[in-house]
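Take a look at the structure set out below.
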Amino acid sequence: MAADAPIAALAEQVVARCRELATVSEEPGRLTRPYASPAMARANALVGGWMTEAGLAARVDAAGNLVGRRGGTDLHAGTLLLGSHLDTVRDAGAFDGPLGVLTAIAALQRLRDEGRTLPYAVDVLGFADEEGLRFGTAYLGSRAVAGTWDPALLALTDEAGISLRDALASFGAMPGSVAAASRAGEPLLGYLEVHMEQGPVLEELGAPVGIVSAIAGATRAHVRFTGRAGHAGTVPMALRHDAACAAAELVLAVEATARGVDGLVATVGRLEALPGAPNVVPGGAVASIDVRHADDDVRAAAVADLRATAQEIAAARGVQLSWEVRLDNPAVAVDPGLTQHLAVAAQAAIGAPAPRLPSGAGHDGVALSALCGVAMLFVRCAGGLSHHPDESVAAADVVVALEVLDGVLTALAQEPAWT
């Protein structure tokens, strides 16, 4: 479908704004925007200004999330939530997160420019923490909105020893009032998120957008092998208790396990030998293990198998094993009604059924699923590249995403409850 001039211009604006926002960073020369940082405050101000230009009433909630509201014509019709996150990983790209926020703003700007109204209200949410970069735990912003914020989180500290409590206070928030960001109990129509795919599937299929069928569950474990350090030149090979060799075996086991199960992905993203000297047999080794699958039973079985394998490796090598689960998020089922609206709108936009695919990455929808139904639209990205400065999406694909969003907004307005 050829794009008309106004929507094409909006799509170009979304891409340009993503790149402009990418200049707002805590680190010169690369994009790093952590929770409750001065860069996040500047990002909220910039995006808040764009919300205002689009006719939204912008504010920052008690958890530091940016919220832009468009009222509906029926005060009893409830609210649809749109958005994504504005924080980043370290040395990030411009589109992971902000694409969903800025596409939502553009969709509502289009409604305003065309003089169209909706019976229900729409809130665009720019979540302040999805990546977990600063405090090591994800979804701080969306958990606050979902009403699942744990006050114990305020004791978390960053690498500089600054507590989350103090960081929020410096940010201008009220640490003791974060719960006020909760939307629990409100009449919500659901949460819809547009996000770059972060993978190569849509590009391989030649599809501009895809419908998320589920968000994979994830388990992260911190694994430590403790052996015996010794001199690299004097301890015979047969008498060594080398923790690094145990970790190396486990790395290969993680890869083999994931390759043997359809849809399973597993990664060792951190690997460290201790004490880390070239002439010392490693007496310790630390590894992180990340396991994901859209079926929680499959994921749990894989994690159990890997833990048993780690125990066997440790016993065979005469080292001790410590296995600590640091994250265990269940898979999230998407809302069938919202997802069907996405599918119908996507088929109308591209002239064929949009592919359906699970999301292996976590998203704010994981936390929001405790509050309301969630649905997601993926947008094709170049080379499947994400969490990288070179990540990119095409304006032509953003046009399709805007058409899909418009179709969903229109379909929801035509449901029997409003007509």
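Calculated FRET efficiency, ARG69 to THR234, Cβ-Cβ distance, R0 = 60 Å: about 0.30 to the nearest 0.05. Listing MET196, MET51 from fewest to most neighbouring C-beta atoms within 10 Å gives MET51, MET196.
Projecting label points 7 angstrom from Cα along Cα→Cβ for GLN320 and ALA382 puts them 5.1 nm apart.
Take each peptide in 373-379, 206-212, count the other Cβ atoms within 10 Å of every residue, and average; sorted highest first, the result is 373-379, 206-212. Note on the chain: antiparallel DSSP beta bridges, both residues inside, total approximately 70 percent of the bridges counted.
Peptides 350-359, 91-100 ranked from most to least packed by the mean count of surrounding Cβ atoms within 10 Å: 91-100, 350-359.
Here the dipole of region 220-329 is about 440 debye; that uses its Cα centre as origin and unit charges on the Cβ of Lys and Arg (positive) and Asp and Glu (negative). Ordering 134-141, 68-75 by mean Cβ neighbour count within 10 Å, with the highest value first, yields 134-141, 68-75. At a Förster radius of 22 Å, what calculated FRET efficiency corresponds to the Cβ-Cβ distance of ALA348 and ALA9, to the nearest 0.05? Rounded to the nearest 0.05, the efficiency is 0.55.
About its Cα centre, the chain has a charge dipole of approximately 720 debye under the convention of +1 per Lys or Arg Cβ and -1 per Asp or Glu Cβ, with nothing else charged. For the chain, the 222 nm mean residue ellipticity estimated from helices alone, with every DSSP H stretch of n ≥ 4 adding -39500 (n - 2.57) and the total spread over all residues, rounds to -11000 deg cm²/dmol. In terms of surrounding Cβ atoms within a 10 Å radius of their Cβ, VAL201, VAL366, VAL60 rank from fewest to most as VAL201, VAL60, VAL366. The overall shape of region 173-288, judged from the alpha-carbon gyration tensor, is oblate: a/c is not under 1.5, and a/b is no greater than b/c. Set the Förster distance to 22 Å, then compute FRET efficiency between GLU204 and VAL261 from the Cβ-Cβ distance, nearest 0.05. Result of the calculation: an efficiency of 0.55. Assuming a ≥ b ≥ c are the square roots of the Cα gyration tensor eigenvalues, decide whether the chain counts as rounded (a/c under 1.5), prolate (otherwise, with a/b larger than b/c) or oblate. In terms of gyration-tensor shape, prolate. Loop-located GluC sites (Glu not before Pro) across region 159-241 with a Cβ neighbour count of 13 or fewer within 10 Å are GLU159, with loop assigned by DSSP. Site pair ALA396 and GLU159 shows an inter-label distance of 4.0 nm when each label is modelled 7 Å from Cα along Cα→Cβ. Could you tell me whether region 1-78 comes out rounded, prolate or oblate from its Cα gyration tensor? Rule is a ≥ b ≥ c as square roots of the eigenvalues, rounded for a/c under 1.5, then prolate if a/b exceeds b/c, otherwise oblate. Since a/c reaches 1.5 but b/c is at least a/b, the shape of region 1-78 is classed as oblate.
Annotation: the residues TYR191, TYR35, sorted from fewest to most other C-beta atoms within 10 Å of their own C-beta, follow the order TYR35, TYR191. Distance from a point 7 Å along Cα→Cβ of ASN279 to each backbone N in region 235-255: keep the residues under 17 Å and list them by number. Answer for region 235-255: 235-236.
Every read-out reported here was derived from the displayed coordinates using simple, explicitly stated rules and does not represent laboratory data. Predicted, not measured: the structure shown is a model, and the values here were computed from it. For neighbour counting, all protein chains shown are included, and Cβ atoms are generated from backbone atoms with ideal geometry for every residue, glycine included.
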